[in-house]
Amino acid sequence: MNKNNSFKEEVFDEVKSESYEVTDDDVKRIVSHEKEINDKSSKLNLGRYMRFIRQIKLLLSLLKDYKNKTYTEIPWRSVALLSAAILYFVNPFDMMPDIIPILGFADDSLLFAAVFKSVQSDLEKYGKWKGVNTSNLF
């Protein structure tokens, strides 16, 4: 296994473990901080992180619809895992601090790729319900 895969698995395992602690209050907190999360993602390099930015936008939309009970056709386990990923993204003390140029968001984007892949079918169902093409997110 190469170093990149090992790192991705380590980050994913950390977030997966954290997801068992996610509550409805965490989902509400994420939705209430949507502007700050969007502001942080808007500072990313569009060329390098476009998929990651799209993933964040879809994730925030899904969590908002879930919180408002307009979309509930997703298992709590997927909601918790996606919430843990966004909490990791906003955490300034993650495995690779975001202040490190270029590399700072590498762990975040690798994590989102792994999390999105692990709940792909749930996200595709949401995208279909929402009328959003999700094919460019995986």
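The values are calculated or read from the model by the stated rules, or taken from the named source; none is laboratory data. Please read all numbers here as calculations on a predicted model, not as lab measurements. Heads up, the Cβs are rebuilt from the backbone with ideal geometry, glycines too, and the neighbour counts pull from every protein chain shown.
Observations on the structure shown:
- Condition met for VAL27 (surrounded by fewer than 20 Cβ atoms within 10 Å (Cβ to Cβ), modelled with pLDDT of 95 or more and of a type in the set (A, V, I, L, M, F, W, C)): no
- Failed criterion for PHE93 (all others in (1) exposed (fewer than 14 other Cβ atoms within 10 Å of the Cβ); (2) in a helix (DSSP H, G or I); (3) at pLDDT below 95 hold): (2)
- In this structure, ASP65 does not satisfy being without any contact (Cβ under 8 Å) to a residue 40 or more places away in the chain and in a helix (DSSP H, G or I).
- Of all the residues in region 30-55, those that are of a type in the set (A, V, I, L, M), surrounded by 15 or more Cβ atoms within 10 Å (Cβ to Cβ) and modelled with pLDDT of 85 or more number 4.
- Pair list, Cβ < 7 Å and 6+ apart or interchain, from region 113-138 residues that are loosely packed, with under 12 Cβ neighbours inside 10 Å to residues that are in a helix (DSSP H, G or I) and at pLDDT 95 or above: ASN133/GLY127
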